[in-house]
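K.L.:
Take this structure first; my questions come after.
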Amino acid sequence: EIDVNVPHGANTFQVRFAAMSYIGNGPTQYRTRLVGLESEPTISESREARYAALPPGVYRLEVAARIGAHGAWGEPANFEFRVLPAWWQAWWARVLGGLAAALTLTLLVRWRLATLVGRNRLLEEKIAARTAELSESNQQLIGEIADRIDAEEAVQQRNAELEDLNRQLAGTQSQLLQSEKMASVGQLAAGVAHEINNPIGFVRSNLSSLNQYVDEIFDVVRLYEGLERFAPAQHPMLEPLRALKQRVDLDFLRRDTQDLLAETLDGVTRVQKIVKDLKDFSRVDEASEWQCIDLHQCLDSSLNVVAHELKYKADLVKEYGTPPPVTCLPFQMNQVFLNLLVNAVQAVDQHGTITVRTGRDGAFVWVSISDTGTGIDPAVLNRIFEPFFTTKPIGVGPGLGLSVSYGIVRKHGGTIEAVSEPGRGSTFTVRLPIERAEDEVPAVAAEPSTDCEQAATRKLAS
């Protein structure tokens, strides 16, 4: 039981003590210790002890005495007391303080949230107003362009197709930005292909005619060479003729002319193939139509578009299966494959391998694009399809390619998945349904052809 309870304000303890002995001589020494404050006793000849500013708690004073420096210590005397805490140190005061702090913090958080909501609303209003201004300016610009090119029917048609394509690709704000960019690229590719195709056509035709004419000219030359053997040895034209043949090296001209024409025709053929691939890739005239196509055509067109980047950084491996045709928007699927191929090329540091595989899995067709590049950190792998998120250096890309591709594949009723291992590369797999449900096709889209559905059904049955 505690001897004394001391209030908080009276936390100074002073004690005097004395001892007597009838069996020894010498000075009396005292050993004191305040249990609860001191861990070791204090030995001195002083007969008092004083402790100030004691914190709240229970204390016990122990005092023992002896005669001389080597005498035996007597039985210690004990005095126990408690220093009471101040009211603000009591448990109920601490609980009330905690509740007050929690209430204050809650009010601050709610005020901060209200402030942030207000700022967000104001920012949204400003963005909406700015978007409306940009939209109005864009419409005015389109009108001015249309007024200036009224006399050009082909250009008007391309502008109308571009506007229609932009309206269809306006699903989200981030996808609109990337889709307008791709639509412009497709429009430019279609225009370039159209403008190049006509001169290439007559160049090829003229080269074919020239090749025939050269063959006929050399046939005439061979006949003249036959007449040369029957001409009189003293004929005045023989010597100049032989000198001319030696100077121009007629045999070399005959061989080299044929080679030059063959190489030129081959080059023109390659240009025609590039133009065809550009037209197939852009498909501007079919951008809003759902069509039944072979995905291998989309892949080959996209590979030809990125061939100038791919050939210097990676070896291409094609492992095509035999998937059936699918109903899709070819222009948008070209955009998906182009984004994945460009990412694969950019992921390769020096020189690697890019593998394109296709196949069928039940009611789905799948396309996988693998690279041996740097790979993706697992910590950010689940964020790569977010708009504006990118692992590339600043300035390489806006971070919209995979987001737009994800939206296009979802629009087609399919899925896109990524598997990556840092230092070993990544694999992106696109899965598309062979037969599309009617509620997945927008009302403005053309109905899939019956022949395509029948062909897909027959391949599924087989």
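K.L.:
With N denoting the number of residues in segment 1-42, provide Rg(C-alpha) divided by 2.2 N^0.38 Å, to two decimal places. Write down the numbers at each step before the final one.
P.N.:
Details: Rg = 14.8 Å, N = 42, 2.2 N^0.38 = 9.1 Å.
Against the compact-globule rule of thumb, the ratio is 1.63.
K.L.:
Here is a further query. Using only protein heavy atoms and a 1.4 Å probe, report how much of Glu48 is accessible, in Å² to the nearest 10.
P.N.:
Roll a 1.4 Å probe over it and Glu48 shows about 80 Å².
K.L.:
Run the numbers for Val58 and Tyr320: contour at 0.36 nm per residue of separation, minus the present Cα-Cα distance, in nm. Kindly include the intermediate steps, with their values, before the conclusion.
P.N.:
Working: separation 262, 0.36 × 262 = 94.32 nm, distance 8.55 nm.
Extra length from Val58 to Tyr320 when fully extended: 85.8 nm.
K.L.:
Karplus couplings for segment 61-69 from phi (6.51 cos²θ - 1.76 cosθ + 1.60, θ = phi - 60°), rounded to Hz, Gly and Pro as x?
P.N.:
8, 10, 10, 10, 9, 8, 9, x, 7
K.L.:
Going by accessible area, probe 1.4 Å, with all protein chains left in place, what is the ranking of His308, His8, His296, largest first?
P.N.:
In descending accessible area the options line up as His308, His8, His296.
K.L.:
First measure r as the distance between the Cβ atoms of Val109 and Glu40, then evaluate 1/(1 + (r/R0)^6) with R0 = 56 Å and state the FRET efficiency to the nearest 0.05. Numbers along the way, then the final one.
P.N.:
Values: r = 50 Å, r/R0 = 0.90.
The formula returns an efficiency of 0.65 here.
K.L.:
Please say if segment 76-160 is rounded, prolate or oblate, where rounded means a/c under 1.5 for a ≥ b ≥ c the square roots of the C-alpha gyration tensor eigenvalues, and otherwise the choice is prolate for a/b larger than b/c and oblate otherwise?
P.N.:
Details: a/c = 11.87, a/b = 6.46, b/c = 1.84.
Verdict is prolate for segment 76-160.
K.L.:
Before anything else, pin down the relative contact order of segment 58-129: Cα pairs under 8 Å, at least 6 apart, normalised by residue count, whole percent.
P.N.:
Details: 37 pairs, mean separation 15.2, N = 72.
For segment 58-129, the relative contact order is 21 percent.
K.L.:
Order the following by accessible area, largest value first: Met333, Met237. Probe radius 1.4 Å; ligands, DNA and RNA are ignored.
P.N.:
On the way: Met333 0, Met237 120 Å².
I get Met237, Met333, largest accessible area first.
K.L.:
Find how much the distance from Ala18 to Arg360 grows on full extension, using 0.36 nm per residue of separation minus their present alpha carbon separation; answer in nm with one decimal.
P.N.:
Contour length minus the Cα-Cα distance gives 112.8 nm.
K.L.:
Let me ask something else. With every protein chain in place, what's the accessible area of Val317 (1.4 Å probe, Å², nearest 10)?
P.N.:
About 50 Å², rounded to the nearest 10.
K.L.:
Continuing with the same structure: Calculate the all-directions average of the projected area of segment 9-100's alpha-carbon convex hull, and give it in nm². Walk me through the numbers on the way to the answer.
P.N.:
Details: hull surface 28.1 nm².
Projected over every direction and averaged, the Cα hull of segment 9-100 covers 7.0 nm².
The values are calculated or read from the model by the stated rules, or taken from the named source; none is laboratory data. The shown structure was predicted, so the numbers you read here are calculated from the model rather than taken from an experiment. We place every Cβ from the backbone using ideal geometry, glycine too, and count neighbours over all the protein chains shown. Just the protein is used for accessible areas: all its heavy atoms, side chains included, with ligands, DNA and RNA removed. Shrake-Rupley method; radii C 1.70, N 1.55, O 1.52, S 1.80 Å.
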